[in-house]
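J.: Okay, here's the structure, questions in a sec.
The values are calculated or read from the model by the stated rules, or taken from the named source; none is laboratory data. What you see is a predicted model, and the numbers here were worked out from it, not measured in a lab. Note that each Cβ is placed from the backbone with ideal geometry, even for glycine, and that neighbours are counted across all protein chains shown. Quick note on the areas: whole protein, heavy atoms, side chains included, nothing else; ligands and nucleic acids left out. Shrake-Rupley method; radii C 1.70, N 1.55, O 1.52, S 1.80 Å.
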Amino acid sequence: MSLPESFFERVLGEIHQQMEGVLALTERLARQPLGADAQVCVAGVAEAAGSVRYILQSGSDLKAAQQGQL
């Protein structure tokens with residue numbers, strides 16, 4: 001049983017939007033005077049959010065390829 005296309009696109013868009021917010025926040029935090037441990041944490045969060053964004057884009061590309069839209 002597959003989910004409706006609109007649901008998939010909506011969830012994908014919502015998660016993508018949240019990851020963009022996380023990346024924007026980490027960029028702002030990275031410009032603040034932080035201790036070494038805090039800098040490492042911010043970098044880790046930014047890397048994880050970037051990875052999620054990449055996975056979402058890859059999933060979207062695969063879906064489009066399946067539908068012959070690429």
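J.: Please go through segment 4-34 and give me each residue that is open to solvent by 50 Å² or more (accessible area, probe 1.4 Å), in a helix (DSSP H, G or I) and more than 27 Å from Lys63 (Cβ to Cβ), ordered by number.
T.: Of everything in segment 4-34, those that are open to solvent by 50 Å² or more (accessible area, probe 1.4 Å), in a helix (DSSP H, G or I) and more than 27 Å from Lys63 (Cβ to Cβ) turn out to be Leu25, Glu27, Arg28, Leu29, Ala30.
J.: In segment 39-70, what residues are outside any helix (DSSP H, G or I) and in contact with a helix residue (DSSP H, G or I) (Cβ under 6 Å, 6 or more places away or on another chain)?
T.: As a first pass, look at segment 39-70 and keep what is outside any helix (DSSP H, G or I): 67-70.
Scanning segment 39-70 gives a single hit, Leu70.
J.: Look through segment 35-70, keep the residues that are among the hydroxyl-bearing types (Ser, Thr, Tyr) and open to solvent by less than 90 Å² (accessible area, probe 1.4 Å), and return whichever of them is farthest from Phe8 (Cα to Cα).
T.: Step one: list which residues in segment 35-70 are among the hydroxyl-bearing types (Ser, Thr, Tyr), which gives 51, 54, 58, 60.
Imposing the further condition that a residue be open to solvent by less than 90 Å² (accessible area, probe 1.4 Å) reduces the set to 51, 58, 60.
Details: Ser51: 19, Ser58: 14, Ser60: 9 Å.
Ranking the candidates gives Ser51 first.
J.: Go through (1) basic (Lys, Arg); (2) more than 14 Å from the chain's Cα centre (by Cα); (3) closer than 20 Å to Arg10 by Cα for Arg31 and report which single condition fails.
T.: For Arg31, the failing item is (3).
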